[in-house]
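The values are calculated or read from the model by the stated rules, or taken from the named source; none is laboratory data. What you are looking at is a predicted structure, and each value in this text was computed from that prediction instead of being measured. Every residue, glycine as well, gets a Cβ built from its backbone with ideal geometry; the counts of neighbours run over all protein chains shown. Accessible surface is based on the protein model in full, side chains and every heavy atom, while ligands, DNA and RNA are left aside. Shrake-Rupley method; radii C 1.70, N 1.55, O 1.52, S 1.80 Å.
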Amino acid sequence: MFESTLSAYGAEGVGASSQHGVVMMLRDITQERESSKAKSNFVAQVSHELRTPLSAISGYVEMLVDGETTDEKTRREYYDIIHSSADRLGRLIDNMLNISRIEAGTVRINKEPVSIAMIVKEAVDTLRPQAESKEIKLSDELTPVVYRVT
């Protein structure tokens, strides 16, 4: 996509040149438009991702405040949902801040070869407590071949 600007040149009057014309400048704005569209999509996606845990927190806090539950087991369940939703919000905000720092150039990304098995193991270890709290079993069945990525 291009943006164009037209400007007339030439002079009229005493001692003026007889040359007249138009200068046209074209500027490729494809990347700017794509970037703007990507940012709009990102904002819409982030808004949705923020709204979901925030709604859960608000709803369960309201039920607790209104005294809709009297048994300890249900209250504990509500507290756990509130806690996991708050954690989700925190992770999303951390990710957004990291993206911002990377774009601003304040964070250097060191590209180096890393074992895929190590990445998978770290991910499984990070997610295991959440999975176990929901009675989900995570396992990492990795081949002995060491594949590396940058």
Query - Scope region 73-88; condition under 25 Å from residue 50 (Cα atoms), open to solvent by 50 Å² or more (accessible area, probe 1.4 Å) and out of contact with any Leu (no Cβ under 9 Å at 6 or more places or on another chain); matching residues - result: 76, 77, 80, 83, 84, 87, 88
Query raised in the report: Using beta carbons and a limit of 8 Å, which pairs, at least six apart or on different chains, have the first residue in region 27-56 and assigned to a helix (DSSP H, G or I) and the second one β-branched (Val, Ile, Thr)?
Result: 56/81; 56/82
Query raised in the report: Applying the selection to region 89-120, what residues are open to solvent by 100 Å² or more (accessible area, probe 1.4 Å) and without any contact (Cβ under 8 Å) to a residue 24 or more places away in the chain?
Result: 91, 101, 103, 106, 108, 109, 110
Report summary line: The number of residues in region 1-23 that are of a type in the set (S, T, N, Q) and at pLDDT below 65 is 1
Query raised in the report: Do you know which residues across region 51-79 are closer than 22 Å to residue 91 by Cα, β-branched (Val, Ile, Thr) and at pLDDT 90 or above?
Result: 57, 61
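Give the residues of region 126-135 that are open to solvent by less than 70 Å² (accessible area, probe 1.4 Å) and either of a type outside the set (A, V, I, L, M) or farther than 30 Å from residue 85 by Cβ (or both), sorted by residue number.
Let us first name the residues in region 126-135 that are open to solvent by less than 70 Å² (accessible area, probe 1.4 Å), namely 128, 131.
Once the filter is applied, which keeps residues that are open to solvent by less than 70 Å² (accessible area, probe 1.4 Å) and either of a type outside the set (A, V, I, L, M) or farther than 30 Å from residue 85 by Cβ (or both), region 126-135 yields only 128.
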